[in-house]
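Working notes, beginning with the structure itself.
The values are calculated or read from the model by the stated rules, or taken from the named source; none is laboratory data. For clarity, every value in this text was computed on a predicted model and none was experimentally measured. In this analysis, Cβ positions are derived from the backbone assuming ideal geometry, glycine residues included, and neighbour counts consider all displayed protein chains.
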Amino acid sequence: MAAVSLDRKRALLSVTDKTRLPELGRALVGHGYELIASGGTAARLRENDIPVSEVSELTGYPEIFGGRVKTLHPIIHGGILGPSREAFQETLELGIGPIDLVVVNLYQFAAAVAAGADEAATVEKIDIGGPTLLRSAAKNYQRVTVVPDPAWYDELLQELESGGGETSLAFRRRTAAATFRLAERYNEGIADWLEQVTETRPGQPLRYGENPHQGASLVLPPASAGEPALSAIGLTQQGGKELSYNNIVDLIAGLKLVGDFDEPCCAVLKHTNPCGFGLGQGVTALERALKCDPVSAFGGVFVFNREVDAATAEILAKRFLEIIVAPAFAADALARLTRKKNVRVLTVDLAEFLSRTRGRVRAWGQLQLRQDEDAGFPELAEWKVAAGSEPDAATRTALAMVWKVCKHGKSNGIVLGDLTATLGMGFGQMSRVDSTELAVLKAANQDLDLTGCVAASDGFFPFPDGMEKLAAAGARAIIAPGGSIRDDEVAARAAELGVTLILTGRRHFNH
């Protein structure tokens with residue numbers, strides 16, 4: 001077993017991808033690092049006349065089981081996880097000294113799967129020691145530098161050069177974060193493969209996905225013992241058929257919408273797009289939400305952010321719909337609605353639901369997109385009046401309402417409204433002008449008067465034409481994010497038409 005010292009910096013290298021390994025090894029030696037490496041990595045370094053010790057020389061144990069076990073040893077992990085150099089004073093006699101830099105990349109599991117390797121060969125590409133080394137080093141980023149991929153080598157070498165052989169804490173934090181993300185993706189790839197092999201799917205199976213030929217499942221955080229699974233995110237199903245994939249997607253969209261309002265309200269959604277929204281309590285809110293587009297509300301999702309009373313339930317019970325969700329139902333309201341066996345009736349702890357569903361992940365196989373929650377509307381306190389006069393309090397309230405509703409429909413989005421409800425909506429069109437025409441058409445279909453209405457657009461107006469159509473329909477105030485090179489031209493045209501144009505400087509796209 002090799003002697004250890006606190007006076008020397010040490011780097012551990014164990015890489016499947018040996019790209020630029022000799023260059024990296026020479027640079028580390030040049031900055032005063034002693035190199036420790038697993039068998040194949042050590043052999044490549046020696047081929048290039050770079051001094052290196054093998055892991056087995058430190059541990060006193062050879063690699064066993066054909067290399068399955070080589071770095072899983074206290075001398076290695078103690079060297080990585082020791083909190084400070086001073087702490088190693090008590091472990092030197094055990095042969096455990098500090099390891100300051102860990103350069104590891106993982107067995108190429110995804111490549112084996114993509115190449116169609118058989119099960120035994122694929123299992124051999126499941127890396128155990130590599131992820132363990134990486135996670136140990138990433139956890140101890142305050143002292144240890146972790147490098148999980150050759151893509152980091154250039155920046156590592158720059159850090160060592162500028163830091164006299166040391167790396168900055170900021171760099172170590174970034175590589176640690178990248179390491180944990182890498183480990184997460186690696187594990188998900190293995191789990192996906194095993195689920196395919198065993199023909200299992202994680203979570204609670206659903207009847208099917210968006211279409212009957214697609215399988216689907218619902219994955220939830222653990223619920224308390226004896227509690228239904230949905231309770232883990234603040235939902236309780238009170239009656240009706242089981243939730244389908246599409247039901248759940250619509251349900252999330254609706255709760256996110258009413259969760260943006262402190263005022264009592266009702267939202268109606270179809271295929272995740274709002275088709276009606278009204279402020280107010282009970283029957284008042286429901287009727288306001290339905291006046292905008294009652295045809296699209298057929299078979300829709302009805303979401304409230306206040307208790308549903310008996311009078312409101314009576315109206316709902318006479319309609320064809322899929323889901324009703326509210327924080328609570330009066331006892332007689334719940335009894336009336338749960339008699340409809342096909343209607344899913346749910347209660348929600350809205351604050352709990354919103355906190356448990358922050359952020360978004362979309363996945364296509366092993367490709368994932370993640371984003372933070374589009375939370376809050378600070379722009380409503382800081383907007384710029386680009387044309388016309390500052391809106392009065394009532395108009396500000398109306399503009400805030402249509403602006404918030406517009407956030408929750410698919411881009412391109414246009415929402416028309418009065419002081420209490422939406423009057424027309426156009427979502428998901430390829431052209432903002434098309435969305436404008438659709439919103440105006442929806443209002444006309446219900447004989448709703450748009451004179452003096454307000455309008456929201458989720459994106460800027462690239463030309464004055466969309467704004468001109470809104471003005472012609474009767475809009476007196478329009479809110480949009482701005483950001484077009486023609487903002488001044490659009491604002492000038494709004495002024496000519498006597499329309500107040502508000503630019504927020506912040507958009508809320510929903511793709």
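How many residues are part of a strand (DSSP E or B) and among the aliphatic types (A, V, I, L, M) if we restrict to segment 354-379? If you could, list the steps in order and put the result at the bottom.
Step one: list which residues in segment 354-379 are part of a strand (DSSP E or B), which gives 360-364, 367-371.
After this cut, where a residue has to be among the aliphatic types (A, V, I, L, M) as well, the list is 361, 363, 367, 369.
Residues in segment 354-379 being part of a strand (DSSP E or B) and among the aliphatic types (A, V, I, L, M): 4 in total.
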Practice prompt. With respect to Gln89, determine if the residue is under 25 Å from Ala151 (Cβ atoms) and either of a type in the set (Ser, Thr, Tyr) or in the same structural domain as Asp127 (by TED's automatic domain parsing) (or both).
Written response: no
Worksheet item: Is it the case that segment 384-400 has a residue that's under 21 Å from the mean Cα position of the chain (by Cα), of a type outside the set (Asp, Glu), modelled with pLDDT of 95 or more and not in a helix (DSSP H, G or I)?
Response: no
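Kindly check whether there is at least one residue in segment 267-281 that is β-branched (Val, Ile, Thr), within 18 Å of Leu354 (Cβ to Cβ) and in the same structural domain as Ala331 (by TED's automatic domain parsing). If you could, list the steps in order and put the result at the bottom.
Step one: filter segment 267-281 for residues β-branched (Val, Ile, Thr), giving 268, 272.
This time we only want the ones that are within 18 Å of Leu354 (Cβ to Cβ), so: 272.
If we keep only those that are in the same structural domain as Ala331 (by TED's automatic domain parsing) too, we end up with 272.
Yes: one or more hits.
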Fill in: Residue, surrounded by the fewest Cβ atoms within 10 Å (Cβ to Cβ), within segment 459-475, restricted to residues that are touching a helix residue (DSSP H, G or I) at 6+ places or on another chain (Cβ under 8 Å) and not in a loop (DSSP other than H, G, I, E, B)
Asp465
Worksheet item: Quick check, is Val440 among the β-branched types (Val, Ile, Thr) and either modelled with pLDDT under 95 or assigned to a strand (DSSP E or B) (or both)?
Response: no
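Filter segment 1-49 down to residues that are polar (S, T, N, Q) and in a loop (DSSP other than H, G, I, E, B) and give me whichever is modelled with the highest pLDDT. Even if it seems obvious, please write down each step before you answer.
To start, the set of residues in segment 1-49 that are polar (S, T, N, Q) comprises 5, 14, 16, 19, 38, 41, 48.
If we keep only those that are in a loop (DSSP other than H, G, I, E, B) too, we end up with 5, 16, 19, 38, 48.
Working: Ser5: 75, Thr16: 91, Thr19: 91, Ser38: 90, Asn48: 96.
For segment 1-49, the residue satisfying everything is Asn48.
For every residue, the table says whether it meets (1) loosely packed, with under 15 Cβ neighbours inside 10 Å; (2) in contact with a strand residue (DSSP E or B) (Cβ under 7 Å, 6 or more places away or on another chain); (3) at negative phi.
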{"position": "Ser224", "(1), (2), (3)": "yes, no, yes"}
{"position": "Glu227", "(1), (2), (3)": "yes, no, yes"}
{"position": "Leu230", "(1), (2), (3)": "no, yes, yes"}
{"position": "Gly234", "(1), (2), (3)": "no, yes, no"}
{"position": "Tyr245", "(1), (2), (3)": "no, no, yes"}
{"position": "Leu251", "(1), (2), (3)": "no, yes, yes"}
{"position": "Val258", "(1), (2), (3)": "no, yes, yes"}
Worksheet item: So which residues in segment 413-434 are within 29 Å of the chain's Cα centre (by Cα) and surrounded by fewer than 23 Cβ atoms within 10 Å (Cβ to Cβ), if there are any at all?
Response: Gly428, Gln429, Met430, Ser431
Item to complete: Report those helices (runs of 4 or more DSSP H) wholly inside segment 103-170 carrying at least 2 residues which are over 19 Å from Phe65 (Cβ atoms) and assigned by TED's automatic domain parsing to the domain that holds Gly78.
Response: 109-114, 129-139, 153-162
Worksheet item: Does Leu334 qualify as being surrounded by 11 or more Cβ atoms within 10 Å (Cβ to Cβ) and not in a strand (DSSP E or B)?
Response: yes
Discussion item. So, Thr175, is that one in contact (Cβ under 8 Å) with a residue 24 or more places away in the chain, outside any loop (DSSP other than H, G, I, E, B), in the same structural domain as Ala112 (by TED's automatic domain parsing) and in contact with a Lys or Arg (Cβ under 9 Å, 6 or more places away or on another chain) or not?
Written reply: no
Worksheet item: In segment 50-78, which residue that is free of Cβ contacts under 8 Å to residues at least 40 places away in the same chain and part of a strand (DSSP E or B) is surrounded by the fewest Cβ atoms within 10 Å (Cβ to Cβ)?
Response: Ile64
